Amino acid sequence: MITMPYNKFVDRTLIEKLIGKRKYRKYFGESEVVSIVYAINVLRNEGTKYLSARMLSKLLGVTTVTLRNWLKQGKIKAIRRNRYWFYDLDSVLDFISNR
């Protein structure tokens, strides 16, 4: 079983790609690392409801196969558009918080 620490941090470059450099500075200042939970909350506040499997796997530090397994187990929710999966940030945040 994969355990994910609640206080995991990610590098600033990934968050900058998701929300942009100006908004990054607005929320995080000059911090080089960001908490995953705080980053997801910022994304939700900015109006992002879903993340692609590729971006979410980079953010959480797991593979897309792990995300798909969590989806099949009912731990997180996702929608499918064309060939791509987009994961619901609310369910991901609940899943991380309950771990």
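The values are calculated or read from the model by the stated rules, or taken from the named source; none is laboratory data. Since this is a predicted model, take the numbers as computed values, not measurements. Every residue, glycine among them, receives a Cβ derived from its backbone with ideal geometry; neighbour counts consider all protein chains shown.
Only one of the numbered conditions (1) of a type in the set (A, V, I, L, M, F, W, C); (2) in a loop (DSSP other than H, G, I, E, B); (3) out of contact with any helix residue (DSSP H, G or I) (no Cβ under 9 Å at 6 or more places or on another chain) is not met by Val62, and that is (3).
Restricting region 43-58 to residues that are in a helix (DSSP H, G or I) and in contact with a strand residue (DSSP E or B) (Cβ under 6 Å, 6 or more places away or on another chain) leaves a set whose member that is surrounded by the fewest Cβ atoms within 10 Å (Cβ to Cβ) is Ala53. Taken over region 67-91, residues that are exposed (fewer than 15 other Cβ atoms within 10 Å of the Cβ) and either in contact (Cβ under 8 Å) with a residue 40 or more places away in the chain or in a loop (DSSP other than H, G, I, E, B) (or both) amount to 5. On inspection, Thr48 fails the criterion of being modelled with pLDDT under 95 and in contact with a Lys or Arg (Cβ under 7 Å, 6 or more places away or on another chain). The set of residues in region 9-36 that are under 19 Å from Leu67 (Cβ atoms) and buried (at least 16 other Cβ atoms within 10 Å of the Cβ) comprises Val10, Ile15, Leu18, Ile36. Of note, Ser97 satisfies the criterion of being small (Gly, Ala, Ser), touching a residue at least 24 places away in the same chain (Cβ under 8 Å), part of a helix (DSSP H, G or I) and over 21 Å from Arg12 (Cβ atoms).
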